[in-house]
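The structure under discussion appears below in the form of structure tokens.
The values are calculated or read from the model by the stated rules, or taken from the named source; none is laboratory data. Given the structure is predicted, the values throughout are model-derived calculations rather than measurements. Every residue, glycine as well, gets a Cβ built from its backbone with ideal geometry; the counts of neighbours run over all protein chains shown. The area values use the complete protein model at the heavy-atom level, side chains included, leaving out ligands, DNA and RNA. Shrake-Rupley method; radii C 1.70, N 1.55, O 1.52, S 1.80 Å.
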Amino acid sequence: MFRYFNMTKKIQILKLINLKELELILNVPKEQIITRCSSLGIKVSFSQRLDYELLTLVASEFGYEVELIEKGIRTKKKEMISRDPVIILLGHVDHGKTSLLDYIKRSQVNYEEYGGITQNIGVYKVNINKNNSLTFIDTPGHEAFMAMRYRGTQITDIAIIVIATDEDLMPHTNEAINNAKAVGIPIIFAFNKIDTKTSDTDKIRRKLAARNILVEEWGGAYQSQEISAKYGIGIDKLIEKIILEAELLNLKYSKENFAVGSIIESSLNKENGYTATIILKDGILFLGDYILVGKLFGKVIKIIDERGNQLKYVLPSHPVLIVGLNGAPASGEIFNSYKTEQEVKNILNKFKKEQEPLILAEKEKISFQKLEEQEQQEKEKLNLIIKADLNGSIEAITESLENNKKVNLIYKRIGHINESDVLLASAYKAMIVGFKVKISDAANKLASKNHIVIKSYNLIYNLENNIKEFFRTSKNSNIKDFIYGRAKVTNFFTLRKIGIIAGCLVLEGKIVRNSTIKLKRDDKIIYVGKLNSLKNLKKDVNLVKQGSECGINIKKFNNLKVGDIIESYRII
């Protein structure tokens with residue numbers, strides 16, 4: 001949500017924005033913005049969120065001043081109170097992140113693991129001593145950490161990057177370093193597996209130095225510690241360095257402020273409805289407060305800690321689960337608390353009015369001619385899904401295809417080819433390429449049924465040549481979706497034998513029981529699958545026509561939101 005004022009050449013924003021939004025505010029083509037960034041030595045993508053410093057720099061190039069407005073301030077800050085650090089564990093697969101955290105949990109004071117939220121979300125609060133507690137997020141690929149890079153939020157205060165000293169700087173390690181540096185949080189390196197015979201910590205230090213990352217023992221600024229997560233060697237010293245880093249950060253909060261924090265993740269369940277796991281960065285959140293996160297809001301009717309206890313309030317850095325929102329917010333979103341529902345609604349109404357000129361401006365920029373040109377360009381491209389045995393293989397394949405402007409890489413991941421890959425390929429009309437991986441029987445059957453091409457290779461050379469051949473032989477192919485109709489989710493209810501049913505209104509056409517469906521949220525496809533049931537007036541039906549209400553249950557998917565669009569179609 002943002003607002004803008006061009007008359008005073010000042011932009012006032014309520015959150016960090018991306019180039020697409022900046023283009024509309026400045027009324028400057030995105031190509032000019034990207035070119036100007038390049039001239040400053042800054043490489044940015046169109047969807048990338050700009051941090052405050054970068055946003056200020058880019059806007060100033062076009063004669064604008066940026067002002068970041070904070071929301072939810074109860075009073076001016078008075079007494080500042082120290083808070084515990086929130087730490088994320090990052091690194092390559094099997095380098096020992098989880099083993100490190102397991103050892104810390106077993107060895108430290110007063111840690112007990114209950115069947116609460118910690119087992120589901122990978123967030124743990126560990127009491128080190130009477131004066132210090134640490135909150136750990138144990139998921140290197142955790143959506144919340146990736147999200148803060150694009151939303152300009154900081155869920156975590158410190159990153160611990162675990163590197164196995166008997167291996168090398170692996171792709172995930174480099175990615176973790178890049179992510180932590182992009183977010184701007186301190187990094188501590190944990191050199192793990194020093195108990196192994198092939199351990200070589202100096203090799204890792206040399207590799208880091210080649211990336212202009214010098215650890216303290218080599219005269220640099222980054223703390224590091226040699227450890228063995230298996231035997232507990234050096235972990236006490238690592239914890240001391242974490243505490244020291246936290247002291248240098250001087251993390252504070254004010255109990256006089258409204259609560260401000262971040263969403264770790266959210267879900268929908270039968271018992272509590274929409275729930276969200278959160279971590280506060282400032283203020284205190286009380287039972288009965290109202291919170292606003294994006295366009296979602298609600299009254300906090302439950303606060304549950306990691307032991308399953310219900311609390312009356314929560315302090316910063318303590319992960320809890322809250323109940324009461326009217327939807328499931330995205331990981332990494334910032335929320336603010338308020339005392340009354342009317343305050344929240346006033347803000348939402350104000351933002352809606354302020355965004356109307358922006359929405360209209362965006363619509364005016366899109367003509368039918370541009371849409372036709374875009375559609376024609378998409379038809380000429382090959383959408384590609386890559387599944388490979390190793391990250392190195394994926395990087396090599398990506399590099400070999402990056403100069404081919406006709407290839408649009410929409411998804412890449414390690415692992416065998418399965419039904420989910422085929423469903424994704426169906427949604428994007430993509431070809432699946434496997435490199436040294438297996439194809440499941442179920443995936444083969446589904447691909448044959450949906451006319452999805454799957455190719456498997458052991459040599460990149462053959463892969464490149466066959467993709468070139470594909471463009472020569474597929475010019476006459478004509479596979480497309482036949483849309484039956486679209487429905488909008490309006491509410492939810494539960495049936496005993498089926499589960500959660502989405503109450504929907506058919507906007508156009510018809511919804512067909514045995515059809516494939518695409519679930520769209522904010523014009524983006526977030527799920528492709530099949531209908532589990534279709535009901536009208538509590539009766540099972542084969543189709544529901546435009547203007548009628550119906551109840552829809554989607555196979556293997558329950559995370560629906562009010563406003564989602566369900567598209568019923570078949571492939572021709």
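Report, ordered by the first and then the second residue, all pairs with beta carbons closer than 7 Å, sequence separation of six or more or different chains, a first member in segment 436-462 that is without any contact (Cβ under 8 Å) to a residue 24 or more places away in the chain and within 20 Å of LYS412 (Cβ to Cβ), and a second member that is hydroxyl-bearing (Ser, Thr, Tyr) and surrounded by 14 or more Cβ atoms within 10 Å (Cβ to Cβ).
Short answer, once both residue conditions are applied: ILE439/SER456.
Out of everything in segment 310-338 that is free of Cβ contacts under 8 Å to residues at least 60 places away in the same chain and in a loop (DSSP other than H, G, I, E, B), what residue ends up being least open to solvent (accessible area, probe 1.4 Å)?
Checked segment 310-338; the qualifying residue least open to solvent (accessible area, probe 1.4 Å) is LEU311.
State all residues of segment 425-439 that are on the phi < 0 side of the Ramachandran plot, open to solvent by 20 Å² or more (accessible area, probe 1.4 Å) and either in a helix (DSSP H, G or I) or at pLDDT below 85 (or both); if no residue qualifies, say none.
TYR428
Which one is modelled with the highest pLDDT among residues in segment 496-521 that are closer than 26 Å to SER420 by Cα and open to solvent by 70 Å² or more (accessible area, probe 1.4 Å)?
LYS510
From the list LYS237, LYS241, LYS203, LYS255, which residue is touching a residue at least 12 places away in the same chain (Cβ under 8 Å), open to solvent by 60 Å² or more (accessible area, probe 1.4 Å) and part of a helix (DSSP H, G or I)?
Criteria check complete, one pass: LYS237.
Starting from residues that are of a type in the set (Asp, Glu) and at pLDDT below 85, keep the ones in segment 258-299 and report whichever is surrounded by the fewest Cβ atoms within 10 Å (Cβ to Cβ).
GLU271
Quick one: what pairs do we get from segment 90-101, first residue open to solvent by 10 Å² or more (accessible area, probe 1.4 Å), second of a type in the set (Ser, Thr, Tyr), C-beta under 8 Å, 6+ apart or different chains?
That search, which allows pairs on different chains as well, returns HIS92/THR173.
I'm trying to understand the selection: among the residues of segment 193-233, which are out of contact with any helix residue (DSSP H, G or I) (no Cβ under 7 Å at 6 or more places or on another chain) and among the polar types (S, T, N, Q)?
Listed by number, the residues that qualify are THR196, THR198, SER199, THR201, ASN212, SER228.
Confirm whether ILE397 is at pLDDT 75 or above and in a helix (DSSP H, G or I).
Yes, satisfied.
Of (1) open to solvent by less than 30 Å² (accessible area, probe 1.4 Å); (2) modelled with pLDDT of 80 or more, ARG486 satisfies all except one. Which?
Checking ARG486 against (1) open to solvent by less than 30 Å² (accessible area, probe 1.4 Å); (2) modelled with pLDDT of 80 or more, the one that fails is (1).
Of the numbered conditions (1) over 25 Å from ASN418 (Cβ atoms); (2) surrounded by fewer than 15 Cβ atoms within 10 Å (Cβ to Cβ), ASN536 fails exactly one; give the number of that condition.
(2)
Here are some residues: GLN355, GLN369, GLN342. Which one is surrounded by fewer than 18 Cβ atoms within 10 Å (Cβ to Cβ), more than 30 Å from SER420 (Cβ to Cβ), among the polar types (S, T, N, Q) and modelled with pLDDT of 80 or more?
The match here is GLN342.
Could you grab me the full set of residues in segment 224-234 that are in contact (Cβ under 8 Å) with a residue 40 or more places away in the chain and over 32 Å from the mean Cα position of the chain (by Cα)?
GLY232, GLY234
Checking the conditions here, which among ILE194, ILE185 is modelled with pLDDT of 90 or more and buried (at least 19 other Cβ atoms within 10 Å of the Cβ)?
Of the residues listed, the single one that is modelled with pLDDT of 90 or more and buried (at least 19 other Cβ atoms within 10 Å of the Cβ) is ILE194.
Which condition number does ALA442 fail, the rest of (1) open to solvent by 60 Å² or more (accessible area, probe 1.4 Å); (2) within 20 Å of LYS556 (Cβ to Cβ); (3) out of contact with any strand residue (DSSP E or B) (no Cβ under 6 Å at 6 or more places or on another chain) being met?
In the conditions (1) open to solvent by 60 Å² or more (accessible area, probe 1.4 Å); (2) within 20 Å of LYS556 (Cβ to Cβ); (3) out of contact with any strand residue (DSSP E or B) (no Cβ under 6 Å at 6 or more places or on another chain), ALA442 misses (1) alone.
Inside segment 180-219, can you point out the residues that are touching a Phe, Trp or Tyr at 6+ places or on another chain (Cβ under 9 Å), of a type in the set (S, T, N, Q) and closer than 23 Å to LEU244 by Cβ?
Within segment 180-219, THR201 is the sole residue that qualifies.
Only one residue in PHE470, PHE557, PHE493 is modelled with pLDDT under 85, loosely packed, with under 14 Cβ neighbours inside 10 Å and of a type in the set (A, V, I, L, M, F, W, C). Which one?
PHE493
Checking ALA246 against (1) modelled with pLDDT of 90 or more; (2) within 31 Å of the chain's Cα centre (by Cα); (3) closer than 19 Å to ASP94 by Cα, which single condition isn't satisfied?
All conditions are met except number (3).
So which residues in segment 222-234 are under 14 Å from ARG106 (Cα atoms) and crowded, with 19+ Cβ neighbours inside 10 Å?
Within segment 222-234, just ALA229 meets the criteria.
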